[in-house]
Amino acid sequence: QKVSGPALQRSWQNVPHVTQHDEADITELERFRRDRKDQAAAKGVRLSPLLFVMKAVVTALREHPALRSVLSPERDRLLV
């Protein structure tokens, strides 16, 4: 606890704490998923909505690298 405590405190202070809430109509996505669910299961894949969310996050992070960056210790530049 003596070693991890200060590290946890620094982490808490240096990591931005953000919550984003949004709404999306996933009617077409759900239809797409349901139509391919059995085909995916035959290949041993569970086609859950989470897979589509993960794909969207990966795409967004590739297109917007600043979202996966941190401020340098000198606080003068972003480190991707």
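Taking residues in the range 29-51 that are assigned to a loop (DSSP other than H, G, I, E, B), and partners anywhere that are open to solvent by 70 Å² or more (accessible area, probe 1.4 Å), the pairs with Cβ atoms closer than 8 Å and at least 6 places apart or on different chains are LEU47/ARG36; LEU47/LYS37.
For the range 58-75, the criterion of being under 22 Å from the mean Cα position of the chain (by Cα), acidic (Asp, Glu) and exposed (fewer than 11 other Cβ atoms within 10 Å of the Cβ) is met by at least one residue. Candidates ALA66, ALA56: the one that is touching a strand residue (DSSP E or B) at 6+ places or on another chain (Cβ under 8 Å) and in a helix (DSSP H, G or I) is ALA66.
Scanning the range 23-74 for residues that are farther than 30 Å from GLN13 by Cβ and either among the hydroxyl-bearing types (Ser, Thr, Tyr) or touching a His at 6+ places or on another chain (Cβ under 7 Å) (or both) yields a total of 3. State which residue is surrounded by the most Cβ atoms within 10 Å (Cβ to Cβ) when the search covers only the range 1-56 and only residues that are over 28 Å from ARG68 (Cβ atoms) and among the basic types (Lys, Arg). This residue is LYS37.
The values are calculated or read from the model by the stated rules, or taken from the named source; none is laboratory data. For clarity, every value in this text was computed on a predicted model and none was experimentally measured. Every residue, glycine as well, gets a Cβ built from its backbone with ideal geometry; the counts of neighbours run over all protein chains shown. Ligands, DNA and RNA are excluded from the accessible area calculation, which covers all protein heavy atoms including side chains. Shrake-Rupley method; radii C 1.70, N 1.55, O 1.52, S 1.80 Å.
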